[in-house]
1. Consider only pairs whose beta carbons are under 9 Å apart and that are at least six residues apart or on different chains; among these, list those whose first residue lies in segment A:72-97 and is away from chain B (no Cβ under 14 Å) and whose second residue is in a strand (DSSP E or B) and among the acidic types (D, E).
2. Among the strands (runs of 3 or more DSSP E) contained in segment B:34-122, which hold 2 or more residues that are free of Cβ contacts under 8 Å to residues at least 60 places away in the same chain and of a type in the set (V, I, T)?
3. Please list, ordered by residue number, the strands (runs of 3 or more DSSP E) wholly in chain A having 1 or more residues that are of a type in the set (A, V, I, L, M).
4. Can you name the condition, by its number, that B:R98 falls short on among (1) within 14 Å of chain A (Cβ to nearest Cβ); (2) touching a helix residue (DSSP H, G or I) at 6+ places or on another chain (Cβ under 6 Å); (3) not hydrophobic (A, V, I, L, M, F, W, C)?
5. In segment A:48-70, which residues are touching a residue at least 12 places away in the same chain (Cβ under 8 Å), of a type in the set (S, T, Y) and either within 14 Å of chain B (Cβ to nearest Cβ) or in contact with a Lys or Arg (Cβ under 8 Å, 6 or more places away or on another chain) (or both)?
6. Scan segment B:9-33 residue by residue and report those that are open to solvent by less than 50 Å² (accessible area, probe 1.4 Å), out of contact with any Asp or Glu (no Cβ under 8 Å at 6 or more places or on another chain) and in a loop (DSSP other than H, G, I, E, B).
7. Quick one: in segment A:98-107, of everything that is open to solvent by 10 Å² or more (accessible area, probe 1.4 Å) and more than 9 Å from chain B (Cβ to nearest Cβ), which residue is nearest to A:M4 (Cα to Cα)?
8. Which of the residues that make up segment B:68-116 are surrounded by fewer than 16 Cβ atoms within 10 Å (Cβ to Cβ) and of a type in the set (A, V, I, L, M)?
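The values are calculated or read from the model by the stated rules, or taken from the named source; none is laboratory data. Quick caveat, the model's predicted, so the values are computed rather than measured. Here the Cβ positions follow ideal geometry from the backbone for every residue, glycine too, while neighbour counts run over all protein chains shown. Each accessible area value is taken on the protein alone, full model and side chains, heavy atoms only, with ligands, DNA and RNA left out. Shrake-Rupley method; radii C 1.70, N 1.55, O 1.52, S 1.80 Å.
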Amino acid sequence: DIQMTQSPSSLSASVGDRVTITCRASQSIRSYLNWYQQKPGKAPKLLIYAASSLQSGVPSRFTGSGSGTDFTLTISSLQPEDFATYSCQQSFSSPRTFGQGTKLEIK
Amino acid sequence: QVQLVQSGAEVKKPGASVRVSCKTSGYTFTSHYMNWVRQAPGQGLEWMGIINPGGGDTNYAQKFQGRVTMTRDLSTNTVYLELSSLRSEDTAVYYCARDRGYYTDYGDFDYWGQGTLVTVSS
């Protein structure tokens, strides 16, 4: 199975900050990398698919980049509604696997 | 609009089985594969498997092979997850998650059910 490792596990930031979350795969997954946002008690929401494609309806302040084994999710200017947990997920092979999540908290 | 509505919370004893349903609406049921993903309390997301509602074919994560069954009902546009031989480690919120691909498996999930809490306790 492909292991997905995110860093950091948690992050404190302020409204208006630019933040970057990193995801590393245990082997090359080309661009088969997706990002989700999850708020407490809610289902995950797809933000980015195929490493850099923005899902319909997702604000443009979210951007994804990377290929191979190293990927990043960047939020250009944090808004109050962005404080949540972010998870990466590979869709290169089965079983699909997720990172452990990065909790983004208000400073 | 696309909706995935799951059945309610369940409490089960160790060794029992549970069946969770996911009723879909707002799109052609057979056009999108459906995944099941679970999340134990305070933990990350774990993919369990996928079903093609059109043909009924399935692909399960090795971890759950022998204990999991995914089925679908074309008359009600509903998919089901059954997990048997439950143990305390199966306590989790179970989600159905629609694959974004159109008649194919892209492996990313664009619509999710609201989640079903399954508690396994003696």
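1. Pairs that qualify, where the first residue is away from chain B (no Cβ under 14 Å) and the partner is in a strand (DSSP E or B) and among the acidic types (D, E), are A:F83/A:E105.
2. On the way: elements: B:34-39, B:45-51, B:58-60, B:68-73, B:78-83, B:92-99, B:109-112, B:116-120.
Of the strands (runs of 3 or more DSSP E) lying wholly inside segment B:34-122, those with at least 2 residues that are free of Cβ contacts under 8 Å to residues at least 60 places away in the same chain and of a type in the set (V, I, T) span B:45-51, B:68-73, B:78-83.
3. Details: elements: A:4-7, A:10-13, A:19-25, A:33-38, A:45-49, A:62-67, A:70-75, A:85-90, A:102-106.
Ranges flagged: A:4-7, A:10-13, A:19-25, A:33-38, A:45-49, A:70-75, A:102-106.
4. So the condition that B:R98 fails would be (2).
5. Across segment A:48-70, the qualifying residues are A:Y49, A:S52, A:S67, A:T69.
6. Passing the criteria: B:A16, B:Y27.
7. Applying the first criterion (open to solvent by 10 Å² or more (accessible area, probe 1.4 Å)) to segment A:98-107 yields A:98, A:100, A:103, A:105-107.
Pick out the ones that are also more than 9 Å from chain B (Cβ to nearest Cβ) and you get A:103, A:105-107.
Working: A:K103: 16, A:E105: 22, A:I106: 25, A:K107: 27 Å.
Within segment A:98-107, the match that is nearest to A:M4 (Cα to Cα) is A:K103.
8. B:L74 - this is the single residue of segment B:68-116 that is surrounded by fewer than 16 Cβ atoms within 10 Å (Cβ to Cβ) and of a type in the set (A, V, I, L, M).
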